[in-house]
Structure formats: structure tokens, C-alpha cells
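Colleague: Take this structure first; my questions come after.
Nothing in this text is a laboratory measurement; each read-out follows from the coordinates by a stated rule. From a predicted model like this one, the values you see are computed outputs, not experimental measurements.
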Amino acid sequence: MKRSLIIAALLIGFSAIGFAQQKEATVIKLDQTPGEFVTKELTLKPGKYIFEVTNKGVDHEVGFVIAPVKDGKEGDHIKAGYLSKAIKDGEKGSSKVVNLAAGTYNYFCPLNPTPHYKIVVKE
């Protein structure tokens, strides 16, 4: 019984932490249509973001990727930026909280596929 109470308390605590992190993050809503994102470039301040992507008319599942760009080269994907699952037409999905520092990033869909669009993060 004591062990069950401890496990329940831990689960509630972790859920509360996840909810608090989401409340601290700004939600960026992006629509994907066949072959492209509607929003072509983002300028953001350094901080925490959740990317919410809606599939609007793409007849197959779509995803979302963010990668830093340094010296003109795209780096490794930011795994927290992945959607929790690939989304079908009419559905939406969200990333985890992504902490973006000042710099340049690209976002794109590897499944649609779309061009690589720019995110500029600056004060």
C-alpha cells in the first residue's frame, strides 16, 4: 500500500512538472498543406516553445523537424521538436517543449516533403 502511494505521488508530481513546463512555453501553430507550410519564416525570442502542426489537406501523414543551422550547414535534429506522432489529414500534433537559444534554425516536414524554412531567434 505504501509503495502504491509513493508511485502515485511520483506520477502526479511528474505530470505536474510536465504541465508546468507546457504553461511556460509559447505555442507556435503551423499549418501544413500539400508540399509546404503556410508560414514560411518565423522570428522568435530565445525561450521555450511547443510547435503545434495541423495537417490541412495532405493526403498522407506529416511530421515536423527542427534543426540548428551553423555556418550554413544544418545540424542534428532537435528531438524534442518531433511531433508525438505522424498526423493524418485534419489532425494536429504537438512537439515537446523546445528551448531555442539565439541563432538560426530550419523547420520542415520529411514526410510531406516541404522546403526547409527559417526560424531566426534573437532578442
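Colleague: Got the relative contact order for segment 26-121 handy, in percent, Cα pairs under 8 Å and 6 or more residues apart?
Modeller: Value for segment 26-121: 34 percent.
Colleague: Antiparallel as a % of all DSSP beta bridges within segment 26-121, to the nearest 5?
Modeller: Details: 21 of 32 bridges.
If we restrict to bridges inside segment 26-121, about 65 percent are antiparallel.
Colleague: Glu91's amide H: which non-local residues (gap 5+, or another chain) put their own amide H closer than 5 Å, with H modeled 1.01 Å from N in plane and none for Pro or chain starts?
Modeller: Here Asn55 satisfy the definition.
Colleague: Continuing with this model, one more query. Search the structure for amide H atoms under 5 Å from the amide H of Lys29, placed 1.01 Å from N in the peptide plane, and list their residues when 5 or more places away or on another chain.
Modeller: Excluding prolines and chain starts, which carry no amide H, the hits are Glu52.
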